[in-house]
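The next block holds one structure in the form of C-alpha cells; read it before the comments.
The values are calculated or read from the model by the stated rules, or taken from the named source; none is laboratory data. As the structure is a prediction and not an experimental result, all values here were calculated from the model. Ideal geometry is used to build each Cβ from the backbone, glycine not excepted, and the neighbour counts take in all protein chains shown. Ligands, DNA and RNA are stripped out before the accessible areas are found, and what is left, the full protein with its side chains, is counted by its heavy atoms. Shrake-Rupley method; radii C 1.70, N 1.55, O 1.52, S 1.80 Å.
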Amino acid sequence: MITTALLTLAIVTQDQATLRAAPRDSAAQQAALWQGDSLEIRGQRMDYLQVYDHRRERAGFIHVSQVRTVSLQPEDAPQLLSVVRFLRESPGDESLGIAYTAAYLKAAPADAIGVEAFDALGTMAERLARRASMKHNKATSDVISAHMEVASFYGVTFKGYEQGGSMQLCYNGEAFRRVLALPAEAEQRARAALAATRPDCMSPDLHPQARMAHDLWRAEMLDKVSAAQFAQLSEVSKNRLRLRRAGVYASLAFEQARRAEAPMAAAQRALAELAAVNKAELTDSDRQDYNDAAIRVGASRWAAETALPRFAKLTVATEAGQAGETCVALYENKADGKPGKDAVAKRCTYGIVWAASASAHPDGHALALAVQPLDAWRELWVFRKSAGQWTVEVLPPASNGPELGYVEFAGWVRGAPQILLARETRIAGRLRRSFEVARMDTLTTEKQAGDASALAAFNRWQDAGWKRQTVILR
C-alpha cells in the first residue's frame, strides 16, 4: 500500500484549484493550487482525493476533476513522455508540462532517458520566462508568477536582468546544457545552443574580464553544432545560428582588442557568419536579430583590418596614455613626406582606436577615424583644420544611448566642404539607418535619406573602400 502511494501522484490540471479541509464543496479552503502542482495521494473519500501538498507542507482534499492521477511505474513512462510532447507545444501550459517532465524523469529507467525530455523541459522553461518578461494585465501576470513558482518547485531556476528600464526574466539553461552534453539530433543541439547563448540574458553588470569569459563560453556552445550537424539543419535554424555566432564573435573581437590580443580571426568569423545568412529564409521574428547582429558586426568590423593607411599630407599615430588609455596624435607631414616634430592635434580615449579606419581628406585639412568605446557602439572622430587650427569632433551614432549603433565615414565630397556619413542604430527597440551629407565646418546634417542611392552625393563621392567593406549596405 505504501509502495503504491509512492508510485502514484496527482498533478493539478487547473489554475486556482481548491485544496479543502474536508471532502465537501462547502469545506474551508486551505490553499489555491495551480496547474503543475503535484500532490501525494493518501486516499479517496467520495469524489475527493485526500492529498498532501509538499510544496506548501499542507494536507487536504481536492476534487478528482481538478487533477490527473499519474503512475510513476517504469512501464508507464512512455505515456508520460507522450503528454510532455503534447504540452511542449502548448503555450500557457508550461508549468503543467514541466510537472509531467519531472514525473517522466522519475518514472523512466535511467538508461531510457534521452535528450528529448531535457529539450522539452528547456523549451517550456524558456517560453515561460519569455512570457513573464512581457507586459500583461495584473490577472495574467499573477497566473504567470504562480506558474513560475510551480516550475521553481521542480528545480527550474530563473534569473532577472534589468534591460532598458524593464526586467528581463531568463531560464538559467540547465536542461539545454544537458542537451549539449549528450548525443542529440542537429535541431535539438541548435535549439539548445541558441537558448543558452541569448544576448538579452547576459548580466549587463559583468566585469569586462567576466564578459569575455562568458562570450568565449557562448562561442564554444554555438560551435558544439558540428559542421555535419549544421548541414542537416533547416535554413531557418542555420540562419539563427549564423546570426548568433556573428554577434558573439563581433563582441569577442572588441574584447580581444581591448586586451591587446589579435582580434582579426574573431572579426573575420563575425563577418563571414553575417555574410552567410540566407536573407530569403529570414522569418519576421528573425529580421530584428539580423539587424542587431549586423550592427554588432558593423561596430567591430575594423578589427578585421590590419593594414595601416599612409597619407601624403597627414600621419596618425597612437600611443599609450594613462592606465587603459590610448591617445591619438595627428601630424602634418613635411615636404619629404615624414611627419612634423609636434602633433597638431591629440585626443585620448578608453575606447578602441581602429587606426586602420583612418581616412584623410585629399587636401590634408581633415581626417576621419573610427573609435569604439563599447562592444556594440562605435563613434567617429573627425579632425578638422580651420584658420590654421586643428580641432577634434566626436560624432556618436545617436544623441541618445549608448545601446546598439555605429556611425562611419562614407566619403569626402570633392569641391565642396562636405563629408558623407552612414549611421545605423537600435535605440529603445527602434532601428534607424541613415545616410547623410554633413557640413565640414559644423558637422551638421544637410541632407539625409534611408537609402544611399537617394542622395546624389553618395552616388558620386562615396568612398570605394567604405562601399566594399561596410555592412550597412547589406
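Scanning for something more than 30 Å from residue 257 (Cα to Cα) and in a helix (DSSP H, G or I), does the stretch 152-167 turn up at least one residue?
yes
Quick grid of which residues meet (1) closer than 28 Å to residue 169 by Cβ; (2) within 36 Å of the chain's Cα centre (by Cα); (3) of a type in the set (Ser, Thr, Tyr):
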site: 47; (1), (2), (3): no, no, no
site: 57; (1), (2), (3): yes, no, no
site: 63; (1), (2), (3): no, no, no
site: 72; (1), (2), (3): no, no, no
site: 84; (1), (2), (3): yes, yes, no
site: 92; (1), (2), (3): yes, yes, no
site: 97; (1), (2), (3): yes, yes, no
site: 101; (1), (2), (3): yes, yes, yes
site: 105; (1), (2), (3): yes, yes, no
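If I ask for residues that are within 11 Å of residue 327 (Cα to Cα), in contact with an Asp or Glu (Cβ under 8 Å, 6 or more places away or on another chain) and β-branched (Val, Ile, Thr), which ones from the stretch 337-355 would you list?
Listed by number, the list holds a single entry, 349.
Here's a check for you: in the stretch 429-447, which residue that is part of a strand (DSSP E or B) and hydrophobic (A, V, I, L, M, F, W, C) is farthest from residue 361 (Cα to Cα)?
Here the residue is 431.
Residue 12: in contact with a Gly (Cβ under 7 Å, 6 or more places away or on another chain), open to solvent by less than 50 Å² (accessible area, probe 1.4 Å), closer than 23 Å to residue 139 by Cα and not basic (Lys, Arg), yes or no? I'd like the intermediate steps shown before the answer.
Working: in contact with a Gly (Cβ under 7 Å, 6 or more places away or on another chain): yes; open to solvent by less than 50 Å² (accessible area, probe 1.4 Å): yes; closer than 23 Å to residue 139 by Cα: yes; not basic (Lys, Arg): yes.
Here the answer is yes, as residue 12 does meet what is asked.
Any residue that is surrounded by 15 or more Cβ atoms within 10 Å (Cβ to Cβ) and under 18 Å from residue 288 (Cβ atoms) - is there at least one of those in the stretch 448-456? Please lay out each step first, then the result.
Restricting attention to the stretch 448-456, the residues satisfying the condition of being surrounded by 15 or more Cβ atoms within 10 Å (Cβ to Cβ) are 452, 455.
Imposing the further condition that a residue be under 18 Å from residue 288 (Cβ atoms) reduces the set to none.
No; the residues of the stretch 448-456 include none that is surrounded by 15 or more Cβ atoms within 10 Å (Cβ to Cβ) and under 18 Å from residue 288 (Cβ atoms).
Within the stretch 316-336, which residues are farther than 26 Å from residue 418 by Cα and either touching a helix residue (DSSP H, G or I) at 6+ places or on another chain (Cβ under 7 Å) or open to solvent by less than 30 Å² (accessible area, probe 1.4 Å) (or both)?
327 - this is the single residue of the stretch 316-336 that is farther than 26 Å from residue 418 by Cα and either touching a helix residue (DSSP H, G or I) at 6+ places or on another chain (Cβ under 7 Å) or open to solvent by less than 30 Å² (accessible area, probe 1.4 Å) (or both).
For residue 31, all conditions in the list (1) touching a Phe, Trp or Tyr at 6+ places or on another chain (Cβ under 6 Å); (2) under 19 Å from residue 145 (Cα atoms); (3) assigned to a strand (DSSP E or B) hold save one; what is the number of the exception?
Against the list (1) touching a Phe, Trp or Tyr at 6+ places or on another chain (Cβ under 6 Å); (2) under 19 Å from residue 145 (Cα atoms); (3) assigned to a strand (DSSP E or B), residue 31 comes up short only on (1).
Quick check on my filter: what residues within the stretch 415-474 are small (Gly, Ala, Ser), farther than 20 Å from residue 381 by Cβ and out of contact with any strand residue (DSSP E or B) (no Cβ under 7 Å at 6 or more places or on another chain)? Walk me through it before giving the result.
Our first condition is that a residue be small (Gly, Ala, Ser); within the stretch 415-474, this holds for 415-416, 422, 428-429, 434, 438, 449-450, 452-454, 456-457, 464-465.
Restricting the remaining residues to those that are farther than 20 Å from residue 381 by Cβ gives 415-416, 428-429, 449-450, 452-454, 456-457, 464.
Listed by number, the residues that qualify are 415, 416, 428, 429, 453, 454, 456, 464.
All but one of (1) touching a Phe, Trp or Tyr at 6+ places or on another chain (Cβ under 9 Å); (2) open to solvent by less than 20 Å² (accessible area, probe 1.4 Å); (3) not in a strand (DSSP E or B) hold for residue 358; which doesn't?
Unmet for residue 358, out of (1) touching a Phe, Trp or Tyr at 6+ places or on another chain (Cβ under 9 Å); (2) open to solvent by less than 20 Å² (accessible area, probe 1.4 Å); (3) not in a strand (DSSP E or B): (3).
Restricting attention to the stretch 409-428, does a residue exist that is in contact with a Leu (Cβ under 9 Å, 6 or more places away or on another chain) and in a loop (DSSP other than H, G, I, E, B)?
No, the stretch 409-428 has no match at all.
At pLDDT 95 or above, surrounded by 22 or more Cβ atoms within 10 Å (Cβ to Cβ), touching a Pro at 6+ places or on another chain (Cβ under 8 Å) and not aromatic (Phe, Trp, Tyr), is that true of residue 251?
no
Could you say whether any residue in the stretch 290-299 is over 24 Å from residue 362 (Cβ atoms), open to solvent by 10 Å² or more (accessible area, probe 1.4 Å) and in contact with a Pro (Cβ under 9 Å, 6 or more places away or on another chain)?
Checked the stretch 290-299: at least one residue is over 24 Å from residue 362 (Cβ atoms), open to solvent by 10 Å² or more (accessible area, probe 1.4 Å) and in contact with a Pro (Cβ under 9 Å, 6 or more places away or on another chain).
Looking at 434, 386 in this structure, which one is without any contact (Cβ under 8 Å) to a residue 24 or more places away in the chain and surrounded by fewer than 22 Cβ atoms within 10 Å (Cβ to Cβ)?
434
A quick yes/no check of all residues on (1) crowded, with 16+ Cβ neighbours inside 10 Å; (2) without any contact (Cβ under 8 Å) to a residue 40 or more places away in the chain; (3) of a type in the set (S, T, N, Q); (4) under 22 Å from residue 145 (Cα atoms):
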site: 182; (1), (2), (3), (4): no, no, no, no
site: 201; (1), (2), (3), (4): yes, no, no, yes
site: 204; (1), (2), (3), (4): no, no, no, no
site: 239; (1), (2), (3), (4): yes, no, yes, no
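Working only within the stretch 361-383, note down all residues that are over 28 Å from the mean Cα position of the chain (by Cα) and open to solvent by 10 Å² or more (accessible area, probe 1.4 Å).
Residues satisfying the conditions are 361, 362, 363, 365.
For residue 212, state whether it is within 27 Å of residue 428 (Cα to Cα), hydrophobic (A, V, I, L, M, F, W, C), open to solvent by less than 40 Å² (accessible area, probe 1.4 Å) and touching a residue at least 40 places away in the same chain (Cβ under 8 Å).
yes
I want to confirm something. Restricting to the stretch 284-311 and keeping residues that are within 17 Å of the chain's Cα centre (by Cα) and among the β-branched types (Val, Ile, Thr), which single residue is farthest from residue 424 (Cα to Cα)?
297
Against the definition (at pLDDT 95 or above, touching a helix residue (DSSP H, G or I) at 6+ places or on another chain (Cβ under 6 Å) and in a loop (DSSP other than H, G, I, E, B)), how does residue 36 come out, yes or no?
So residue 36 passes the test.
For the stretch 390-403, what are the residues that are outside any loop (DSSP other than H, G, I, E, B) and open to solvent by 20 Å² or more (accessible area, probe 1.4 Å)?
390, 391, 392, 393, 394 - these are the residues of the stretch 390-403 that are outside any loop (DSSP other than H, G, I, E, B) and open to solvent by 20 Å² or more (accessible area, probe 1.4 Å).
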